[in-house]
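These notes concern the structure reproduced below.
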Amino acid sequence: MHEQKKTVAFIGLGAMGYPMAGHLLAAGFKVSGFDLSGEARSRFAANGGNASSEVSTALWNADFVITMLPNGKIVRDVLLKNENWRSLKKGCLAIDMSSSAPSDTQELAKELVAKDTRLIDAPVSGGTKRAISRSLTIMVGGESSDIDDSMPLLESMGTQIFRTGPIGSGHAMKAINNYVSGAGVVATLEGVLLAQKFGLEAEAVVEILNASSGKNNASDVKMKQFVLSGTFDSGFAAGLMAKDIRIAAELANSLDMRLSGLNATAAIWEAAAQELGPGSDHTLIAKYLENR
Ligand code: NAD
């Protein structure tokens with residue numbers, strides 16, 4: 001007898017969620033998807049997914065619920081508001097793959113226990129390119145046995161899967177990663193602006209950085225590809241980057257740490273996202289910095 005296919009409710013079918021949900025379908029899961037955007041739902045349905053027009057329908061009786069949403073407050077709303085939790089199957093495993101605040105995740109885990117639902121946090125790094133190529137890095141926090149249960153799903157979306165510790169630790173790690181990444185973007189762009197003002201060519205500067213100790217993710221996979229090319233289409237919004245670094249700054253505050261580099265980086269991204277518009281591609285911070 002064939003084993004019954006495991007069902008997954010996938011909520012948030014945007015730049016990252018859409019390719020990730022596609023990999024679950026390809027791996028043989030039965031996936032019900034929901035997104036507020038009708039366009040996102042149609043694209044998912046055209047790819048063979050079962051798109052629901054109500055979140056409660058997508059959640060209904062699923063073995064797993066994956067959320068890939070802008071932030072943890074929205075994740076909470078999706079799972080608990082409007083009695084949505086009534087659709088959750090007893091004992092189901094919710095996997096929040098969004099970049100949420102660890103404190104929100106820890107709170108939500110407690111609320112979900114009371115609804116017989118388990119929660120782990122499994123945020124990702126690698127951007128849309130690695131979401132599409134099934135090679136995301138995934139950092140996972142939660143109970144070991146719950147993480148074990150999630151592995152067949154995570155392994156169909158990512159290649160490097162790290163267990164970070166208790167619930168919320170994946171989200172803490174993700175915010176810290178994006179602080180380091182966002183600081184790298186600012187440092188690289190400011191370095192290029194300074195070099196240009198001195199009379200050096202931007203293309204040459206990036207090439208030399210990449211052959212020197214200044215090499216970083218921004219110099220390596222963002223500068224030529226999205227900034228110097230003028231395309232500014234990395235697929236990651238400035239508002240999301242600002243949110244992630246704010247989460248890292250709030251985490252430092254909650255631990256009584258004064259990190260001046262982190263606070264400065266958070267302030268730059270906050271101002272840039274506000275001026276550019278939160279939905280603008282984060283690489284457009286190049287224009288913001290150029291106009292200072
Ligand atoms: P996105 O804006 O492309 O997708 C988010 C989707 O959520 C949208 O389609 C939106 O319509 C939907 N949505 C919003 N509120 C909703 C609700 N209440 N119910 C249902 N759907 C709702 O964003 P994204 O780039 O896919 O990012 C998703 C998450 O992944 C964010 O937390 C982000 O920080 C994180 N992330 C993004 C990247 C990237 O490169 N884009 C990389 C790593 C992590």
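Values as computed for the structure displayed
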{"item": "Qualifying positions in region 25-42 - surrounded by fewer than 19 Cβ atoms within 10 Å (Cβ to Cβ), more than 19 Å from the chain's Cα centre (by Cα), of a type in the set (S, T, Y) and not in a helix (DSSP H, G or I)", "result": "none"}
{"item": "Pair list, Cβ < 7 Å and 6+ apart or interchain, from region 102-129 residues that are within 18 Å of F64 (Cα to Cα) and of a type in the set (G, A, S) to residues that are outside any strand (DSSP E or B) and away from the ligand (no atom under 15 Å from the Cβ)", "result": "A109/I167; A122/S150"}
{"item": "Flag for D63 being without any contact (Cβ under 8 Å) to a residue 60 or more places away in the chain, in contact with a strand residue (DSSP E or B) (Cβ under 7 Å, 6 or more places away or on another chain) and closer than 20 Å to S169 by Cβ", "result": "no"}
{"item": "Filter result for A175 (buried (at least 20 other Cβ atoms within 10 Å of the Cβ), under 23 Å from T265 (Cβ atoms) and small (G, A, S))", "result": "yes"}
{"item": "Matching entry among G184, G142, G126 (being outside the structural domain of N71 (by TED's automatic domain parsing) and small (G, A, S))", "result": "G184"}
{"item": "Answer from L13, L69, L79 - the residue that is in contact with a Lys or Arg (Cβ under 9 Å, 6 or more places away or on another chain) and either outside any helix (DSSP H, G or I) or acidic (D, E) (or both)", "result": "L13"}
{"item": "Residue within region 89-97 that is in a loop (DSSP other than H, G, I, E, B) and either within 10 Å of the ligand (Cβ to nearest atom) or surrounded by 24 or more Cβ atoms within 10 Å (Cβ to Cβ) (or both) present", "result": "yes"}
{"item": "Helices (runs of 4 or more DSSP H) completely within region 187-272 that count 2 or more residues being within 15 Å of the ligand (Cβ to nearest atom)", "result": "217-221, 238-254"}
{"item": "Residue list for region 1-51, restricted to those being within 16 Å of the ligand (Cβ to nearest atom), within 23 Å of G91 (Cβ to Cβ) and of a type in the set (A, V, I, L, M)", "result": "V8, A9, I11, A21, L24, V31"}
{"item": "Selection count where residues are within 22 Å of V75 (Cα to Cα) and assigned to a strand (DSSP E or B), scope region 111-160", "result": "13"}
{"item": "Filter pass, E54 being out of contact with any Asp or Glu (no Cβ under 6 Å at 6 or more places or on another chain), under 13 Å from L13 (Cα atoms), of a type in the set (D, E) and within 12 Å of the ligand (Cβ to nearest atom)", "result": "no"}
{"item": "Restricting region 124-151 to residues that are more than 8 Å from the ligand (Cβ to nearest atom) and on the phi > 0 side of the Ramachandran plot, the residue that is surrounded by the fewest Cβ atoms within 10 Å (Cβ to Cβ)", "result": "R134"}
{"item": "Unmet requirement for L108, which otherwise passes all of (1) more than 14 Å from the chain's Cα centre (by Cα); (2) part of a loop (DSSP other than H, G, I, E, B)", "result": "(2)"}
{"item": "Residue identified as on the phi > 0 side of the Ramachandran plot and among the acidic types (D, E) among E83, E107, E111", "result": "E83"}
{"item": "Residue tally, condition in contact (Cβ under 8 Å) with a residue 24 or more places away in the chain and exposed (fewer than 14 other Cβ atoms within 10 Å of the Cβ), over region 275-292", "result": "3"}
{"item": "Residue match in region 163-173 (condition: part of a helix (DSSP H, G or I), basic (K, R) and in contact (Cβ under 8 Å) with a residue 12 or more places away in the chain)", "result": "no"}
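The values are calculated or read from the model by the stated rules, or taken from the named source; none is laboratory data. Since the model is a prediction, treat every value here as computed from it, not as a measurement. As a convention, Cβ positions derive from the backbone with ideal geometry for all residues, glycine included, and neighbour counts pool all protein chains shown.
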